[in-house]
Amino acid sequence: MFLIVSKYLIPKKYRGLTFFPFIIIKDGCDKSNVILINHEKIHIRQQLELLILPFYVWYFLDFLIKMIRYKDKNKAYKNIIFEREAYANEKDLDYLKSRSFWSFLNYL
């Protein structure tokens, strides 16, 4: 995992994103934000489990389906299977130590 700080690579309203093997954060002060970094590390694990490219395909398709369902970008984003797992466990800094393979399926 490589941590990059760049306000230009992050869309408005977001603080970070993960593009394997990089975690990109908007503001340097978030380098010490353990919850944000843990959230993004959960995405790293998800991407590895799905061999990277299928993760992005699934992520995008899930977002489209949720947009049709909720007709709201923010609600669609928050309900993407991968985001549900990451948000539910971002405060548990030991989550990745005990997380089982493909745990995101528990958030379908």
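Taking only Cα atoms and a 10 Å spring cutoff, compute GNM fluctuations for the chain and point out the largest among K71, K41, K97.
Result for the chain, Cα springs under 10 Å: K97 fluctuates most.
Take the cross-link list K13/K73; K41/K71; K66/K97 and give me the ones stretching past 23 Å between alpha-carbons.
K41/K71; K66/K97
Kirkwood-based Rg over Rh for the chain (C-alpha set), two decimals?
0.95
If I build a Gaussian network model for the chain, linking alpha-carbon pairs within less than 10 angstrom, which residue out of D92, D72, D27 has the largest mean-square fluctuation?
D72
Name the long-range amide H neighbours of F19: under 5 Å, sequence gap of 5 or more, or other chain; modelled H, no Pro or chain starts.
For F19, whose amide H was placed from the backbone, the distant partners under 5 Å are I24.
Whose amide H sits under 5 Å from the amide H of V5, counting only residues 5 or more places off or on another chain, with H placed in the peptide plane?
Residues meeting the criterion, in which the H sits 1.01 Å from N, are I25.
Read the figures in this text as sums done on the coordinates, not as results from a lab. Just so we're clear, the structure is a prediction, and the values are computed from it rather than from any experiment.
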